[in-house]
Amino acid sequence: MIDLSVEVDGLKFDNPFVIGSGPPGSNAQCMIRAFEDGWGGVVCKTLSLDSSKVINVAPRYARVSSSADPKDKKAIYGFENIELISDRPFKDWIDDFKRVKDKFPGKPLICSIMEEHRKDAWQEIVERCQDAGVDSFELNLSCPHGLPERKMGMAMGENPDIVEEVCGWVMEKAKVPVWAKMTPNVGHITDPAGAAFRAGCQGVSAINTILSVMAVDLDTLRPQPDVEGHTVPGGYSCKAVRPIALRMCMEITRAFPGKTLSGIGGVETGEDAAQFILLGASTVQVCTGVMLHGYKMVKDMKTQLATFMEKHKFEKVSQFMGHSLQYFTTHADLVARQHAAKVKKTLEKDADWKGDQFVDQADALTRAKVQG
Ligand SMILES: Cc1cc2nc3c(=O)[nH]c(=O)nc-3n(C[C@H](O)[C@H](O)[C@H](O)COP(=O)(O)O)c2cc1C
């Protein structure tokens, strides 16, 4: 009997699939739809106390695809956004949290918050949201565009001292679990993650989007997405970021065993999610995937995860959480292992590369896996 449920920091999720902060959790109607369709949890769109400063532009998304057919959503592998946090008034969010919790009292509603570098603002938003009944917090210390201009988001998350300070302010007031959401736009993600844990956060979420320039249009010569002919660097997400997210999740769980990790980045299938769990995540968040395929995608993801578990005779998610971490080692150890195994190596020396067999030789050195 396969059991997809997970218990994390005292929160009970029916399954590990959680809506990642962004458009799919923009208001009560969207969050209710997510729970009706079977998502294990929802992180709402990031909110702040004063939304009057938040002004979005349109278009604010751009995407890259391996197909010319815009309806072929599976072919889209990269997505960029220059969207800000929620522009909805704080009091509307408080009403929404009550509405969602009234309808789904047992489902984890995770409140994503962001504020300026002011202790009173962070503590006020924490107290007012938890009074409205949210089950936990995710601190957005990681949005890479727009808000760093106001010293928010990634401007905080890339500085471990500020991460520790802000998380400390939150932990003074929080009565529910707190996860700090990490930016991948740093050299060592374990530095801000360690700062969040030192401040007492129960977990971290990783990753937010990767700072990017999506493309330059070769007809107009304008970078994309162009807003009245101009743009700003944005945040990259979707399938293309998954290997980077997996690497960063692995680094966090190896550095902080036993701490909570919510894995995020390019998840669209149950098999993608299984990989994050194998590297130590207990929940897996999806944002861009929902924007491309709709809330209903969770049904297939649950079936795919259950099929994976059945194949390996895992009955519970906790039985394979972090299982694959043991297989990371050093390059020197890989060399020693091949030596001990007496493996006959393909193309042992760089001098063996041949101009007329070059592509075949590169193929022979490649482990290819088709997925998703
Ligand atoms: C349009 C859009 C808006 C987003 N808004 C937020 C946000 O308000 N707060 C936040 O923490 N992350 C936000 N994100 C980042 C996602 O939650 C997620 O970390 C990132 O996109 C990688 O996951 P994905 O590939 O499943 O989208 C946004 C992403 C997108 C695509």
For the table 101/302; 259/302; 98/299; 239/302; 12/73, the rows whose alpha-carbon distance is greater than 20 Å are 101/302; 259/302; 98/299; 12/73
When only alpha-carbon atoms count, how far does the chain stretch along each of its three principal axes, as whole angstroms with the largest first? 67, 56, 41
Give me the extension gain from residue 33 to residue 64: residue separation times 0.36 nm, minus the current Cα-Cα distance, reported in nm with one decimal. 8.4 nm
Expected vector for the stretch 271-286, Karplus 3J(HN,Hα) from phi with 6.51, -1.76, 1.60 and θ = phi - 60°, integer Hz, x for Gly and Pro, equals 5, 4, 4, 4, 5, 5, 5, 4, 9, x, 6, 9, 10, 9, 9, 9
For the stretch 187-342, alpha-carbon Rg relative to the globular expectation (2.2 N^0.38 Å, N residues): 1.25
Straight distance only, please: which lysines reach the Cα of residue 345 with their own Cα at less than 30 Å, same-chain residues fewer than 8 apart left out? 354, 369
Diffing the stretch 89-106: the Karplus 3J(HN,Hα) column from phi (6.51, -1.76, 1.60, θ = phi - 60°), in whole Hz with x for Gly and Pro, holds x, 4, 5, 5, 5, 4, 4, 5, 4, 5, 4, 5, 5, 4, 7, 10, x, x
Using label points projected 7 Å from each Cα along Cα→Cβ, tell me how many nm separate residue 215 and residue 50, to one decimal. 3.9 nm
So between residue 331 and residue 254, what do we pick up on full extension, going 0.36 nm a residue minus the alpha carbon distance? 26.0 nm
List every residue whose amide H lies under 5 Å from the amide H of residue 281, counting only residues 5 or more places away in sequence or on a different chain, with H placed 1.01 Å from N in the peptide plane. 322
At 0.36 nm per residue, minus the direct Cα-Cα distance, what do residue 339 and residue 299 gain on full extension? Give it in nm, one decimal, please. 9.8 nm
Over the stretch 6-325, what is the mean sequence separation of C-alpha contacts under 8 Å (at least six apart), divided by residue count, expressed as relative contact order in percent? 18 percent
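Read-outs: derived from the displayed coordinates by stated rules, not from any lab. All figures in this text were calculated on a predicted structure; none of them were measured in a lab. Note that each Cβ is placed from the backbone with ideal geometry, even for glycine, and that neighbours are counted across all protein chains shown.
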